[in-house]
Protein chains: 2
Amino acid sequence: MLTPFRQDTNSLYLTGELNALGVTVAFKTIVGDNLEHLTGAARIAIARADIVVFSGGLGPTEDDLTREAAAAALGVGIRRDAEILTWMYKRFAARRMAMPENNARQADVLAGAEVLMNANGSAPGQYIDTVVGRHRKIVVLLPGPPKELKAMFEAECRGRLRATLPDRHLAKRTLRMALIPESQVDARTAPIYKRYPDVETTILAGSAEIQLHFLCAKPNEREARARVDELAEKVEQEMGEAVFSSQGESLEEVVLLMLGLRHMTLAAAESCTGGLLSERLTAVPGSSRYFLGGAVVYADRLKTTFADVPEELVRSEGPVSEAVARALAEGIRRRTGAAVGLGITGIAGPGPGAPGPDAEKPIGLVYVAASFAAAPGFAEAAKVVETRISGDRERIRWWASQHALELLRRSLLERV
Amino acid sequence: MLTPFRQDTNSLYLTGELNALGVTVAFKTIVGDNLEHLTGAARIAIARADIVVFSGGLGPTEDDLTREAAAAALGVGIRRDAEILTWMYKRFAARRMAMPENNARQADVLAGAEVLMNANGSAPGQYIDTVVGRHRKIVVLLPGPPKELKAMFEAECRGRLRATLPDRHLAKRTLRMALIPESQVDARTAPIYKRYPDVETTILAGSAEIQLHFLCAKPNEREARARVDELAEKVEQEMGEAVFSSQGESLEEVVLLMLGLRHMTLAAAESCTGGLLSERLTAVPGSSRYFLGGAVVYADRLKTTFADVPEELVRSEGPVSEAVARALAEGIRRRTGAAVGLGITGIAGPGPGAPGPDAEKPIGLVYVAASFAAAPGFAEAAKVVETRISGDRERIRWWASQHALELLRRSLLERV
C-alpha cells in the first residue's frame with residue numbers, strides 16, 4: 001500500500017460499514033511492514049480514537065507484524081492459542097499439505113482478545129474490547145485480502161460493534177444525474193439540503209454524472225427513512241427529469257428497465273465509442289432481453305456493411321455528421337429488427353478527423369442519434385444530438401456513450 | 001477522503017514521484033478538516049519523517065486548514081503575502097469577478113516558505129526547507145485537485161527536491177504476462193530476481209495478468225539501466241512467450257502493433273463480452289488502422305445476421321459451443337474483409353445458458369476463436385480455445401476478452 005501501484009479499497013469498505021454503525025472515521029494511516037513504524041502508528045491511533053481497525057499483516061511471514069505492534073501499543077502480552085493451532089493443522093491436512101512451521105505465528109493471540117474466524121483464509125482476526133488509561137478502546141485486527149476482510153467483518157465484527165455502540169438506525173438514498181455541471185446541481189439543491197442538517201449530504205462529481213448521497217441516522221429507522229425520503233423528494237422536484245435514478249441505479253440499468261416496461265428492444269451502431277456503449281449495456285445482468293446487440297462500425301466501410309449507411313452520404317457529409325449518425329441509428333434498427341436503434345459517431349482524438357469533409361471538424365465533436373420504429377400511437381421518429389466534448393480520448397468516448405444513453409432515456413420518458 | 005466514496009489517487013502519484021527521487025514513502029495519513037486533528041497529525045508526521053507532503057486544504061473556505069495546521073506543527077507564524085493577494089485580485093478581475101473576501105486566506109504564507117505557483121487554480125502551494133530540533137525537514141503544501149497537484153509538483157517541486165537530495169538515477173522496467181497464475185510467475189522468477197538485491201522487484205496480480213515491476217537506483221543512469229535490463233532479459237528468457245510486453249505496453253496495444261507489423265486487419269464478433277473486446281482495442285489511439293470493427297451478436301439471431309453463422313448450427317450445438325465460436329470468427333472476417341476474425345461466445349452468468357443445448361453448460365464456459373484468411377505462405381486457418389472462467393459476470397467477461405487477445409497474440413507469433 002506504500003507503492004505507486006495499489007489502490008486502497010479496504011478502507012473505503014470499512015468506512016462505509018463504520019459510518020452505517022454511527023462511527024465517524026477520523027483518521028486513516030498506511031504504514032509499511034516495519035515493527036517500529038507499526039508500533040508507533042498503533043500507539044498514536046489507540047491514543048486518539050475509540051475504535052481502531054487494523055487490516056493486513058496477519059499472515060505467517062516475518063513481515064506480518066500487526067499482532068506484535070498492536071500488543072506492544074496496548075501493552076499486553078501474546079499467547080499461542082492451541083485451538084487455532086489445531087484448526088490450522090486440520091486445514092492443512094485437509095489439503096494434504098504439511099503446515100510450514102512459520103504458520104504457527106498465525107495462532108498468536110493478544111491477551112484479552114476474542115478470536116474471529118476466517119472463512120476464506122488461514123489468518124484468524126482478533127477483537128479486543130479493553131480499557132487503556134481510563135478510556136474504553138476497541139481494537140480489531142482483520143486480514144488484508146479484501147474478500148477475507150469483508151466476510152470476517154460481516155460475520156464476526158459488525159454484530160459485536162453494534163452490540164457495543166448506541167442504538168442507531170441509518171437510512172441512505174442516492175440520486176444520480178447525467179451530463180449536468182456539479183455547480184448547477186449544488187446551486188439548485190444546496191438551499192434544500194441545507195434545511196436538513198440531520199441528513200448528511202455528499203455531492204460526488206465524475207464520469208459525466210453527479211451523485212447526491214443522503215445519509216441520516218436516528219434512534220428509530222422509520223424516522224431516519226422519512227427524513228431521507230422527504231429530502232430526496234424535494235431535490236427530485238427541483239431537478240426534475242435530470243434525475244435518472246432515485247435509488248442509485250446506473251444509467252444503463254435505468255434505460256434497460258424503461259425499455260422493458262415498454263416492451264421495446266434496442267440495438268446500437270457505434271463508431272467512435274467502438275463498443276463501449278454495448279459493453280456498458282451488456283454488463284447489466286439480464287440485458288439480453290432488451291438489448292439485441294449491434295455493430296462496431298469503426299471502419300467507414302462497415303457503416304454501410306452493417307447499418308446500410310449510403311456510401312455517398314459518408315462521402316458527402318463525412319462520417320462524423322448528423323446525417324450519418326441518424327442513418328446509423330435507423331440502419332441498425334432495421335437490420336436487427338429492434339424497436340430502437342442508437343447511432344454514435346464522433347472524433348475521439350488524439351488525431352483529427354479523416355481527410356475529406358471531417359478534416360476540419362474539431363476533436364470532441366460527437367453526434368448521437370436515436371431512431372424509433374413506428375408503434376401504436378407513435379409514428380417512426382428520430383432524434384439527433386450534436387455535442388462538443390472536451391478532454392482526452394477516454395473522456396470523449398465515455399461522455400459520448402453517456403449522451404447516447406441520456407438521449408434514449410429522455411426520449412423514452414415521452415413514450416409512456 | 002474519509003467518506004466511503006473517493007479513491008485516493010494523489011498519494012499514488014506522489015509515491016511514484018518520490019520513489020523516483022530516491023525517497024521511500026513510509027507513512028500516509030488521511031485526516032479530516034479539523035484543526036486539532038490536522039495539527040496533531042502534522043506534528044507526528046514532521047517528527048517521524050524528513051520530508052512531509054500535504055495535499056489539499058489550501059482553498060479559501062473555513063474548512064481549508066492545512067496552512068494553519070502546518071504552521072502550528074512547525075511552530076512558525078503566518079503572514080499575508082501582498083504579492084499573492086495582487087495576483088489573486090488580477091486573476092478574479094480577468095474573469096470580471098470580484099474576489100470574495102474569504103479568498104484572501106489563500107495568500108497566507110508560512111514564515112520561511114517559498115511560494116509555489118498554481119498554473120491551474122487559485123491556491124498557491126508552499127515549500128519550507130527548515131530545521132526542527134536539530135533535524136532538517138522539508139514540508140510541502142500542495143493543492144488537492146489532482147490536476148493542480150500534478151502540475152505544481154512537476155513545475156515547482158520536483159526540481160527543488162532533486163537539488164536537495166543526493167544524486168540518484170533511476171531505471172524502471174515493466175514486464176507483463178497474461179493468463180498465468182501469480183504463484184507460477186513467482187516460483188519461476190524469484191530465484192532470478194533475488195540475485196539482484198539492488199533492483200526492487202514488485203509483482204502485481206490482477207485483471208487476468210501479472211506485472212513484474214523492476215526499479216533500480218544508482219548514482220549513474222547507465223549502471224541503473226544496465227542492471228534493470230539484465231534482470232528483465234533473464235526473466236524474459238525464463239518466462240518465454242508468456243511475456244507479452246517488455247516495456248509496459250498493454251495487451252491490446254501489443255496485438256495492434258503485431259497486426260501492424262504484419263499489415264493485417266482485424267474484426268470481432270462478440271457475444272458474451274458484448275463489445276468489451278472492441279472497446280479495449282478502440283481505446284488505443286490509432287487502432288482504426290488495424291481494427292475495422294465488427295458486431296455485438298448478443299441475440300442469437302444477430303449471429304446469423306452479422307456473421308453468417310448457420311441458424312441450424314446455433315440450434316444443434318447451442319450458441320455457446322466450439323462450432324459457433326469458429327463460425328463467428330470466420331463469418332465476421334469474411335463479412336468485413338479483415339485478415340483475421342475473432343469470435344467470442346460464453347455464459348457470463350449470473351443466469352444459466354439458454355434453453356436447448358446450452359441449458360446444462362456451466363456458467364463461465366467460454367469459447368474464443370481466431371480465423372485467419374489465406375495469405376502468401378499461409379493457408380486459411382482457425383484456432384479455438386475452450387476455457388472455464390470462475391467468478392462473477394464482470395470477471396468472466398474480462399477474462400474472456402483477455403483469452404481472445406492472447407489467442408490472437410500467440411497465433412500471430414507463429415506468423416512472422
Packing rank of B:200-212, B:324-336, A:361-373, where each peptide gets the mean count of other beta carbons within 10 Å, highest leading: B:324-336, A:361-373, B:200-212
Residue (of B:Ala379, B:Ala98, B:Gly343) at the positive-pole extreme of chain B, dipole from beta-carbon charges: B:Ala98
Estimated FRET transfer efficiency when R0 is 35 angstrom, pair A:Arg160-A:Gln247 (beta carbons, to 0.05): 0.70
Within the stretch A:118-263: Cβ-based charge dipole about Cα centre, in debye rounded to nearest 20 (Lys, Arg +1; Asp, Glu -1): 720
Reachable lysines, given that their alpha-carbon falls under 24 Å from the alpha-carbon of A:Lys234 and they are not under 8 places away in the same chain: A:Lys172, A:Lys194, A:Lys218
Zero-based 20 Å bins, Cα pair distances in chain A, whole percents: 22, 38, 31, 10, 0
Rounded FRET efficiency, nearest 0.05, which uses the C-beta distance separating A:Leu170 from A:Leu85 and R0 of 35 Å: 0.35
Loop-resident sites, the stretch A:29-109, for GluC sites (Glu not before Pro), counting at most 12 other Cβ within 10 Å (DSSP): A:Glu62
Nearest-0.05 FRET efficiency for B:Arg262 and A:Glu360, computed from C-beta distance (R0 41 Å): 0.75
Chain A - mean residue ellipticity at 222 nm from DSSP helices (-39,500 (n - 2.57) per run, n ≥ 4, rounded to 500): -12000 deg cm²/dmol
Nm distances between copies for B:Ala379, ranked from closest, using label points 7 Å along Cα→Cβ: 5.9
Shortest-first nm distances, B:Thr202 label point to equivalent points in other copies (7 Å, Cα→Cβ): 2.6
Cβ-placed point charges (K, R +1; D, E -1), dipole of chain B about Cα centre in debye, nearest 20: 800
J(HN,Hα) series, the stretch A:65-80, from Karplus relation 6.51 cos²θ - 1.76 cosθ + 1.60, nearest Hz, glycine and proline x: 10, 4, 4, 4, 5, 5, 4, 4, 5, 7, x, 10, x, 10, 10, 8
For the stretch B:149-271: accessible area per residue (Å², 1.4 Å): 47
Solvent exposure of the stretch B:4-120 as accessible area per residue, Å², 1.4 Å probe: 50
Contour minus Cα-Cα distance for A:Asn220 and A:Arg334 (0.36 nm per residue): 35.6 nm
In range of the label at A:Val131: residues from the stretch A:45-86 whose backbone nitrogen is under 19 Å from the point 7 Å along Cα→Cβ: A:46-52, A:74-77
Listed residues A:His37, B:His135 arranged by accessible area, highest first, probe 1.4 Å: B:His135, A:His37
Within a Gaussian network of chain B (alpha carbon springs, distance under 10 Å), most fluctuating of B:Thr273, B:Thr39, B:Thr345: B:Thr39
Built amide H within the under 5 Å cut-off of A:Asp8, gap 5+: B:Asp8
The stretch A:167-280 - Kirkwood radius from inverse mean 1/r over Cα pairs (Å): 15.6
Label spacing, shortest first and in nm, from B:Arg222 to its equivalents in the remaining copies (7 angstrom along Cα→Cβ): 8.2
Of all accessible heavy-atom area on the stretch B:295-416, the percent that carbon and sulfur account for (1.4 Å): 54
Partner lysines for B:Lys28 [C-alpha distance under 22 Å; skip if fewer than 8 residues away on the same chain]: A:Lys28, B:Lys137, B:Lys147, B:Lys150
Shielding score for B:26-39, defined as the mean number of other chain Cβ atoms within 10 Å: 4
Accessible area expressed per residue, the stretch B:322-416, with surrounding protein chains retained (probe 1.4 Å, Å²): 41
Total accessible surface hidden between B and A, rounded to 100 Å², 1.4 Å probe: 4900
For the stretch B:209-333, radius of gyration divided by Kirkwood radius, i.e. Rg to Rh on alpha-carbons: 1.16
Those trypsin sites (Lys or Arg not before Pro) in the stretch A:154-231 that DSSP places in a loop and that have at most 15 other beta carbons within 10 Å: A:Lys194, A:Arg195
Antiparallel DSSP beta bridges within the stretch B:265-416, as percent of all bridges there, nearest 5: 60
Given charges at Cβ of Lys, Arg, Asp, Glu: chain A dipole, positive-most of A:Gln237, A:Ile389, A:Ala267: A:Gln237
Placed amide H near B:Leu365: partners under 5 Å, 5+ positions off or other chain: B:Ile347, B:Ile389
For the stretch B:63-106, size of Cβ-based charge dipole, Lys and Arg +1, Asp and Glu -1, in debye: 280
Karplus-derived HN-Hα couplings along the stretch A:289-304 (A = 6.51, B = -1.76, C = 1.60, θ = phi - 60°), whole Hz, x at Gly and Pro: 5, 10, 9, 7, x, x, 9, 9, 9, 6, 6, 4, 4, 6, 4, 7
Rg ratio (alpha-carbon, reference 2.2 N^0.38 Å) - the stretch A:376-416: 1.47
Cross-link reach list, lysines versus A:Lys361, counting only Cα pairs under 25 Å and skipping chain neighbours closer than eight places: A:Lys303, A:Lys383
Identity and axial distance of the chain B residue whose Cβ lies nearest the axis relating B to A, Å: B:Gly275, 2
Principal axis box of the protein assembly as shown, alpha-carbon based, largest edge first, Å: 77, 71, 63
The stretch A:37-124: trypsin sites (Lys or Arg not before Pro) falling in loop per DSSP and having at most 12 other Cβ within 10 Å: A:Arg95, A:Arg96
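The values are calculated or read from the model by the stated rules, or taken from the named source; none is laboratory data. These numbers were taken from a predicted model, which means no experiment stands behind them. Backbone-built Cβ (ideal geometry, glycine too); neighbour counts: all protein chains shown. Areas reflect the complete protein model, heavy atoms only, side chains present, ligands, DNA and RNA absent. Shrake-Rupley method; radii C 1.70, N 1.55, O 1.52, S 1.80 Å.
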